[in-house]
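Structure first, then comments.
The values are calculated or read from the model by the stated rules, or taken from the named source; none is laboratory data. As the structure is a prediction and not an experimental result, all values here were calculated from the model. Positions of Cβ are generated from backbone atoms using ideal geometry, with glycine treated the same way; all protein chains shown enter the neighbour counts. Side chains are part of the model used for accessible areas, which takes the heavy atoms of the whole protein and leaves out ligands, DNA and RNA. Shrake-Rupley method; radii C 1.70, N 1.55, O 1.52, S 1.80 Å.
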Amino acid sequence: MPPPDENTAVDPTGAVWVVWLVIVGPGLLLVSLTCVRRVAPGELVLVVRRGEVVRVGRAGFVARWPGLERFEPVPTEPRVLPLVVRSRTSDGVDVVALADLTVEVHDVATGTAYVPTAEVARLAEDTVARAVERLEVESLVDDLEALETRWPGQLTRLLPVGTKATALAVTEVEARLTGGTG
């Protein structure tokens, strides 16, 4: 039998399995763990690329391209977002209002812009702040209670299709009725 040619693909040391075990195996495991996500019960998993929803996972597993896309889990059950609103009434009184926004996500369509939770809270805070600016301090609490029924509809129109504001309730109002110390 002739001696083996040095250009053959046979590994004379038998160390190919070490390369697979030490380098390729962990690399494949790492990529699969970071690129695939299981959808938990009671959530949607959005795959977002450059601020746009490209895939929605409702059950099972969802995949993404590493570096290009990211996972955004969104709970589907109602959730309450606490809000802190700073504003000034029409008669010049500084007001801090605490409120609770209840949001439900029913579905998210692919191709729509992804709106993070912080943006939803900011929209709600702006809605309450604009209302406070139009009111006077003496009737502030009663007027805010009257407006609470209209706010969810106004907010829902600003949110992506499938996301609904079900309640926005002002829980506490603090007004600074005295001047500051100079």
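A118 meets each of the listed conditions (1) assigned to a loop (DSSP other than H, G, I, E, B); (2) of a type in the set (G, A, S); (3) closer than 30 Å to V36 by Cβ apart from (1). Could you figure out which of (1) in contact (Cβ under 8 Å) with a residue 40 or more places away in the chain; (2) in contact with an Asp or Glu (Cβ under 6 Å, 6 or more places away or on another chain); (3) open to solvent by less than 70 Å² (accessible area, probe 1.4 Å) isn't true of D91? Just one mismatch for D91, condition (3). Summed over the stretch 43-77, residues that are more than 15 Å from the chain's Cα centre (by Cα) and either loosely packed, with under 11 Cβ neighbours inside 10 Å or not in a strand (DSSP E or B) (or both) total 9. The condition of being at pLDDT 90 or above, part of a strand (DSSP E or B) and open to solvent by less than 40 Å² (accessible area, probe 1.4 Å) holds for only one of V85, V80, that being V85. The residue that is most open to solvent (accessible area, probe 1.4 Å), counting only those in the stretch 114-141 that are in contact (Cβ under 8 Å) with a residue 40 or more places away in the chain and under 15 Å from P152 (Cβ atoms), is E125.
When restricted to residues that are surrounded by 10 or more Cβ atoms within 10 Å (Cβ to Cβ) and either in contact (Cβ under 8 Å) with a residue 40 or more places away in the chain or not hydrophobic (A, V, I, L, M, F, W, C) (or both), the stretch 13-41 contains 7. Among the residues of the stretch 145-159, is any part of a strand (DSSP E or B), open to solvent by less than 50 Å² (accessible area, probe 1.4 Å) and under 30 Å from G60 (Cβ atoms)? For the stretch 145-159, residues part of a strand (DSSP E or B), open to solvent by less than 50 Å² (accessible area, probe 1.4 Å) and under 30 Å from G60 (Cβ atoms): absent.
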